[in-house]
Amino acid sequence: MKKLLFILTLSLLVFGGFSFKQIYFTPLYFEIPKGFPKPVYDFKNNPLTEEGFQLGRNLFYDPILSRDNTISCASCHLQQTGFTHVDHDLSHGIEGRIGTRNSMTLMNLAWSKTFMWDGGVNHLDVQAIHPITSEVEMDETLENVVSKLQRSEKYQHLFQDAFGTKKITGQLTLKAISQFVVMLTTSNSKYDKVLRKEEQFTDMEQKGYAVFKRNCASCHQEPLFTNDGFENNGLSIDTTLNDVGRMRITQKETDRQKFKVPTLRNVQFTFPYMHDGRFETLNEVIKHYNSGIEKSATLSPKLQQPMLLSDDERTELLAFLKTLTDKEFLFNPRFSFPR
Amino acid sequence: MHLKTLLLFGLLWTSLSVFSQTKSDSLLVHVQFQFDGANLKLNSTYISKQNDTLTFDKIKMYLSKPQLIYKNDLMDEKENPYHLIDIEKPKSQQFSINNTSKKKITGLKFNIGVDSLASVSGAMEGALDATNGMYWAWQSGFINFKIEGKSSSCLTRKNKFQFHVGGYSEPYYAMREMSIIFNEKSIKNNEITIQVDLAKLFSEIRLSETNAIMIPGKEAMKIADIAKNMFSVQ
């Protein structure tokens, strides 16, 4: 009896405080599409809730994250283009400042071990610190972002709803942004539907799929269309940028000019292509792999031989790549500007 | 059972646990920045053994997971937290360590910096919250310590020197484990002071040659090694 009383008291003490505040969260379940591997992201450390997701979505679309309140994450990551920036080879920050790389797409990030073109960021939760603090992007400090959010009544409520506290911290801000971007799963392209036997490839797409599997799939592995690794894909060095890629992070000569293998999902709309956005069209990209590879010490072993595709094969490959477009994802209202 | 009884019992329990914590079963550790044995002040001018004239603008460092060392070298096994010591925040310059043992304390063990596990675990809270400005952006990982200032020996913009020392992955893992053994007299009224003498770092650095370390690597590893010399207990 004494023991029971003790336990009851203890539980009253522990849970009592919470129950008076009446906090209810709506859990969100992260769906793993059929055939996809186990996600890398550890959801136990950041349990998804509808409230957390909506807070993250608000932050993603809010220019409050930048020093002069002019640009948001969405300025360089537009939903309709696979959450990247079109029309610009190098992405823009506040006051028209120009960075050194093409903004990346934001898709299927739950399966990514590293982030950025050079893989310098090791966890999705700390990814947003980079664009927020980069001088050529938002040029803000996380400390000041938090104090701006703390002064906003809207965000006090959103944080209260999402995390049960009005005390905003850097950790909670970053976790909320993660809750939004980790949900950006694309898995309803024609390619996926064909695999699920809901649709069929045309003859040309089918041939293109075969070309793809022979020539591209070793790095752009299905079903994510990336192996999450780093490769030197034989681009000539742009001497105005002299970007050494992965080597800047690892300081290893063997990583010179290696960049992250990007996903090809929605590739039809994610132009321009490559880390510096040097190619405007998929035709140029295919031409590069077909005959434009520049040899160097760190060139990917998989690219030592040029593809040498015929004109027909190139057309077929292009047709296949377009089956990776997922309109349901690109126009999903849940991922758009919150109204 | 009456709710009233429960509540009363709960109240009693709370007051008991609060009361028990006020008992002095902990060691209060003060951290004192010095230069050549004198208390260090920001913007005061010092001269290093290398004959560099220098002033300090910023000193911030993580002293993490402090543990007590007992007689016969038995370590207190509890995992203790991370402390960010900031010369501009007097409150940050002290922390306490629970002392649950009756054994004699003979020393103190702690890490200078943040361990690699915390560096790969995403967004952290408290002393490790990225709003503290001790987290790198373009390359993940904590800055173990920041020492910034000015010296006429530095041919840099505004004669600045900046040491941001960190790195969580081999071969450039820059956290350093530190053990200080001291005698009984060092502890007075359950308090002890760790001196951090920056003269011992700048005696090994020629500021005309080494004045900006902002990334993990060989140079950061060297500074991390020298930094261990700064710590002592009188």
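In the range A:192-287, counting only helices (runs of 4 or more DSSP H) that sit wholly within it, the ones holding 1 or more residues that are surrounded by fewer than 21 Cβ atoms within 10 Å (Cβ to Cβ) and small (Gly, Ala, Ser) span A:203-215.
Do we find a residue being more than 14 Å from chain A (Cβ to nearest Cβ), part of a helix (DSSP H, G or I) and not hydrophobic (A, V, I, L, M, F, W, C) anywhere in the range B:94-115? Scanning the range B:94-115 turns up no residue that is more than 14 Å from chain A (Cβ to nearest Cβ), part of a helix (DSSP H, G or I) and not hydrophobic (A, V, I, L, M, F, W, C).
Residues are listed down the side, and each one gets a yes or a no for (1) in contact with a His (Cβ under 8 Å, 6 or more places away or on another chain); (2) at pLDDT below 95:
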| residue | (1), (2) |
| --- | --- |
| A:Leu12 | no, yes |
| A:Phe20 | no, yes |
| A:Arg57 | no, no |
| A:Ile64 | no, no |
| A:His77 | yes, no |
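Of note, A:Arg246 satisfies the criterion of being touching an Asp or Glu at 6+ places or on another chain (Cβ under 6 Å), basic (Lys, Arg) and under 19 Å from A:Val261 (Cβ atoms). When the residues of the range B:179-188 are narrowed to those that are polar (S, T, N, Q) and modelled with pLDDT of 90 or more, which ends up surrounded by the fewest Cβ atoms within 10 Å (Cβ to Cβ)? Taking the candidates together, the pick is B:Ser179. Just one of the listed residues (A:Leu324, A:Leu299) is touching a Gly at 6+ places or on another chain (Cβ under 8 Å), in contact (Cβ under 8 Å) with a residue 40 or more places away in the chain and either under 23 Å from A:Leu124 (Cβ atoms) or not assigned by TED's automatic domain parsing to the domain that holds A:Gln79 (or both), namely A:Leu299.
Residues of the range B:123-146 that are surrounded by fewer than 24 Cβ atoms within 10 Å (Cβ to Cβ), at the interface with another protein chain (Cβ under 7 Å from one of its Cβ atoms) and part of a helix (DSSP H, G or I): B:Thr131 alone. Residue-level check: of (1) among the polar types (S, T, N, Q); (2) under 29 Å from A:Thr240 (Cβ atoms); (3) at pLDDT 95 or above, A:Ser147 misses just (2).
When the helices (runs of 4 or more DSSP H) confined to the range A:29-140 are screened for residues that are within 14 Å of another protein chain (Cβ to nearest Cβ) and touching a strand residue (DSSP E or B) at 6+ places or on another chain (Cβ under 8 Å), those reaching at least 2 such residues are found at A:124-127, A:129-133.
Filtered by the rule that a residue be modelled with pLDDT of 95 or more and either among the small types (Gly, Ala, Ser) or in contact with an Asp or Glu (Cβ under 6 Å, 6 or more places away or on another chain) (or both), the range B:100-115 gives B:Asn111, B:Gly113. Looking only at the range B:190-207, which residues are surrounded by fewer than 21 Cβ atoms within 10 Å (Cβ to Cβ) and either free of Cβ contacts under 8 Å to residues at least 12 places away in the same chain or part of a strand (DSSP E or B) (or both)? Result: B:Glu191, B:Ile192, B:Thr193, B:Gln195, B:Asp197. Could you list all residues from the range A:128-150 that are closer than 17 Å to A:Thr84 by Cα and without any contact (Cβ under 8 Å) to a residue 40 or more places away in the chain? If the condition is that a residue be closer than 17 Å to A:Thr84 by Cα and without any contact (Cβ under 8 Å) to a residue 40 or more places away in the chain, then A:His130 is the only one that fits.
The rows are residues; the columns are (1) crowded, with 18+ Cβ neighbours inside 10 Å; (2) within 14 Å of chain A (Cβ to nearest Cβ); (3) in a strand (DSSP E or B).
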site: B:Ser121; (1), (2), (3): no, yes, no
site: B:Gly149; (1), (2), (3): yes, no, yes
site: B:Lys158; (1), (2), (3): no, no, no
site: B:Ser169; (1), (2), (3): no, yes, no
site: B:Thr210; (1), (2), (3): no, no, no
site: B:Ala220; (1), (2), (3): yes, yes, no
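The values are calculated or read from the model by the stated rules, or taken from the named source; none is laboratory data. Just so it is clear, the structure is predicted and the values come from calculations on it, not from any experiment. Here Cβ is always computed from backbone atoms with ideal geometry, including for glycine, and neighbour counts include all displayed protein chains.
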